[in-house]
Amino acid sequence: MNQGEALCLAFFMEVEPMKRRRELFVGFLLILPALIVLGALYVYPLFLSIYTSFTVGGKYGLANYAKAFDIYWRDIIYSVAISFTTTVATLIVSVVVSGYLRFKNWKFLELMYKLPLFIPFLIVGHAMRVFLAPHGTLNNLLTRILRIEELPGLSRSWIGLVWAFVWIMTPYATLIVLGAFKSLDSAYIEAAQNVGASKWKIVIDILIPMCRPSIMVAFILTFVRTISSLTIPIMVGPASPNMITVNMMFRVNYFNDWGTANALGVISYLIVMVFAIYYLRFMAAERGGIKA
Amino acid sequence: MRRLCGVVLLIVAVVLLAQANIPIKVTLTMMVAGDQNMVDFFQYEIAPEFEKLYPNVKVKVVGTGPGDAGSQQIIQQLQLEKDSGKDKWAIDLVVIHEAGTIWGIERGLIRQYTDFLTTRRLVTMKTAEVALGVNVNGYVMPMFHSQTAIAYNPRFVKDPPKSYAELVEWVKKNPKRFGYNGIKGGMSGVSFVFGWVYWKSKNPDVLMNGPFDEKYMEDWPQIYAELKEFNKYVTLTAGNAGTLDALNRGEIWMGPVWVDMFYTWIREGRMDPNIRLILPEPGMPGQPMYFAIPTKAANADYALKLIEFVTSPAVHAKYIVDKFNWYPAIGVEYVTPHLGKEVFERLYRDIKEADLLKFGKRMPIADYRTRMLEAYERWVEK
């Protein structure tokens, strides 16, 4: 806001303070429903869960956190590792698919990559555990082709878990990345093609760097959705180590222990927040960069 | 004057009686924890029969899901009703696990009612009085008893191990051919672990009946270290159904299962009927499901009638034992006259009644139970 604008505003506020206030009030009323929903369904549970995580039998303390780290420290690292692996794999697949679709219009692929969006997690979990079981569909096929007696199953292992996650998360990430790729001005690509750049080179040197903000969004959304998923780890993941969500469920269902469950919840908020803060700072730097 | 009084009294009596005769439309809302078969049981078998008996009643069945999670849901719902301060709660009847029952009693969410129940006298099992070491007498009527056992595929296992000790030897000869679902994927795995601790512990009776004292847990680190060693030779499956699936596909040859689930799958053609059961020495735990009535249930009278109906010998025999393959909650001698011979033999083919009495253990009392599960997380999974 420059000085002129400020003066203008001050003038209007002085002349018509009543009208201004009324407008503000109407504006407030308009956003009130949204605020109430946000408060009741998001802010209140968030604070309640943080509060519960610090209470043990009516007293405040860090016992829940001590327990969470004592028993589940390995699972916390495991959850981050699985989510990170999933996210990286998902991004690679979605960049490859988007890069391809940026240059070639293949209707079939365009339809197929979106398909997993419409299949519920539960169904995917069940399908994957049958598909990847030691005597499941995949291994039955492979043993016949390769003529081997036994193959180890992928379900109930971290590979199977990442496999299932990537299958689910890819369409969403691809939607974001492809959207960014397509909205990029073709002039850049054509210029590169004129000087003889290959399609791969264009994807890596032009599309990815120029669409970095969108890819970051895809990264964070995939990471958050993975680390907060419960169905897939329960159905496909190994019996141990477990994802944080499985342990939260176990704490509540078997022990009625909301304290430790909420402590684990708060730990996963913090993990997600690390990425969110990084993202915000990155975005701020990016905007500043554009201005400069 | 006296005459007038008499007339007035007569009129009042007539009015009252007339009102009692008008059938009031009642919706009996029940919440059921447990697998889908429990919900189906009430929705498609019991509700139509009960509504025939009491045409003014409509039974509404809400399933809350399997395991203690299902009971947890019920307790949360009842707590909400209580917190709302209403005089009449919207839930009339709940079917709940042992742990859930204890939470319900602790928080004053369920009431004592079994004094008014005639079929309560037919119960022979201790579970009507004690759940996980807590006195629940009066608050609950068992609906059935379900038992865990080890299923084995005779095609691969000619001579199944008859005890935990033999099983340990067996898995070393047949690595990865015994499978169970750990402790986070359902109660059949949990039961196997409890059975393991009972076998190794010096004081299994204390674990089942109390009292709670940490000194009875001193040998646990060693017990769980051995279980961790055992786990190296086994496959960890995905849930109760996961174990049955893996048995079906021949991935594992043995594994702990719920007896009722096992027979139901066979009856529905979802399970290889050649697979057999064995209850290994020194035994595995089983558990009842309980009927309980919320403290301020609006239609407690009809809830009581429904419990009476389900636990009456004829209905119990036809539905609980024959159709759903559960062990009866009331004494076997009351049920047998209503059962066909083949039904009786099916349920008691592999596991004889004597085995059940000898090797059918209780779940550990609540304090040991949570510590056993946590010990598994701490010493076996880590």
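Of all residues in region A:151-190 being hydroxyl-bearing (Ser, Thr, Tyr), in contact (Cβ under 8 Å) with a residue 24 or more places away in the chain and touching a helix residue (DSSP H, G or I) at 6+ places or on another chain (Cβ under 6 Å), which is nearest to residue A:243 (Cα to Cα)?
A:155
From the set of residues in region A:53-78 that are within 14 Å of chain B (Cβ to nearest Cβ) and among the hydroxyl-bearing types (Ser, Thr, Tyr), which is nearest to residue A:163 (Cα to Cα)?
Ranking the qualifying residues of region A:53-78, first place goes to A:78.
Give region B:194-204 a look and list any residue that's within 23 Å of the chain's Cα centre (by Cα) and farther than 13 Å from residue B:284 by Cα, or say none.
none
Report whether or not residue A:260 is assigned to a helix (DSSP H, G or I), more than 20 Å from the chain's Cα centre (by Cα) and within 14 Å of chain B (Cβ to nearest Cβ).
yes
Taking region A:235-244, which residues are out of contact with any Lys or Arg (no Cβ under 6 Å at 6 or more places or on another chain) and either free of Cβ contacts under 8 Å to residues at least 24 places away in the same chain or surrounded by fewer than 21 Cβ atoms within 10 Å (Cβ to Cβ) (or both)?
Selection gives A:240 alone.
Quick one: which strands (runs of 3 or more DSSP E) lie wholly within region B:42-154 and hold at least 2 residues that are of a type in the set (S, T, N, Q) and touching a strand residue (DSSP E or B) at 6+ places or on another chain (Cβ under 7 Å)?
Ranges flagged: B:141-152.
Please determine whether any residue of region B:343-364 is within 14 Å of another protein chain (Cβ to nearest Cβ), part of a loop (DSSP other than H, G, I, E, B) and free of Cβ contacts under 8 Å to residues at least 12 places away in the same chain.
no
For region B:223-250, which positions are touching a Lys or Arg at 6+ places or on another chain (Cβ under 6 Å) and either charged (D, E, K, R) or closer than 16 Å to residue A:127 by Cα (or both)?
The answer is B:238, and nothing else.
For residue B:333, state whether it is without any contact (Cβ under 8 Å) to a residue 12 or more places away in the chain and under 18 Å from residue B:118 (Cα atoms).
Answer is yes for this residue.
Applying the selection to region A:224-243, what residues are hydrophobic (A, V, I, L, M, F, W, C), more than 9 Å from chain B (Cβ to nearest Cβ) and outside any loop (DSSP other than H, G, I, E, B)?
Of everything in region A:224-243, those that are hydrophobic (A, V, I, L, M, F, W, C), more than 9 Å from chain B (Cβ to nearest Cβ) and outside any loop (DSSP other than H, G, I, E, B) turn out to be A:224, A:227, A:232.
Can you find even one residue in region A:265-282 that is of a type in the set (Gly, Ala, Ser) and surrounded by fewer than 18 Cβ atoms within 10 Å (Cβ to Cβ)?
Yes, region A:265-282 has at least one match.
Give the residues of region A:192-205 that are of a type in the set (A, V, I, L, M, F, W, C) and surrounded by 12 or more Cβ atoms within 10 Å (Cβ to Cβ), sorted by residue number.
Those that are of a type in the set (A, V, I, L, M, F, W, C) and surrounded by 12 or more Cβ atoms within 10 Å (Cβ to Cβ): A:192, A:197, A:202, A:203, A:204.
So in region B:322-331, with the set limited to residues that are out of contact with any Pro (no Cβ under 6 Å at 6 or more places or on another chain) and surrounded by 17 or more Cβ atoms within 10 Å (Cβ to Cβ), which one is nearest to residue B:45 (Cα to Cα)?
Per the criteria, the residue is B:324.
Cβ contacts < 8 Å: first residue farther than 14 Å from residue A:266 by Cβ, restricted to region A:43-71; second residue acidic (Asp, Glu), any location; separation 6+ or different chain. Result?
Taking only residues 6 or more apart or on different chains, the pairs are A:71/B:374; A:71/B:377.
Table: residues versus (1) under 19 Å from the mean Cα position of the chain (by Cα); (2) buried (at least 23 other Cβ atoms within 10 Å of the Cβ).
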| position | (1), (2) |
| --- | --- |
| B:268 | no, no |
| B:273 | no, no |
| B:276 | no, no |
| B:282 | no, no |
| B:320 | yes, yes |
| B:338 | no, no |
| B:343 | no, no |
| B:353 | yes, no |
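Please return the ranges of helices (runs of 4 or more DSSP H) entirely within region B:181-256 where 3 or more residues are surrounded by fewer than 20 Cβ atoms within 10 Å (Cβ to Cβ) and away from every other protein chain (no Cβ under 14 Å).
B:204-209, B:220-231
Output the residues belonging to region B:80-129 that are polar (S, T, N, Q) and either surrounded by fewer than 18 Cβ atoms within 10 Å (Cβ to Cβ) or free of Cβ contacts under 8 Å to residues at least 40 places away in the same chain (or both).
Once the filter is applied, which keeps residues that are polar (S, T, N, Q) and either surrounded by fewer than 18 Cβ atoms within 10 Å (Cβ to Cβ) or free of Cβ contacts under 8 Å to residues at least 40 places away in the same chain (or both), region B:80-129 yields B:84, B:112, B:114, B:118, B:124.
A short reminder: the numbers here are calculations on the coordinates, not readings from a lab. Source: prediction; values computed, not measured. Heads up, the Cβs are rebuilt from the backbone with ideal geometry, glycines too, and the neighbour counts pull from every protein chain shown.
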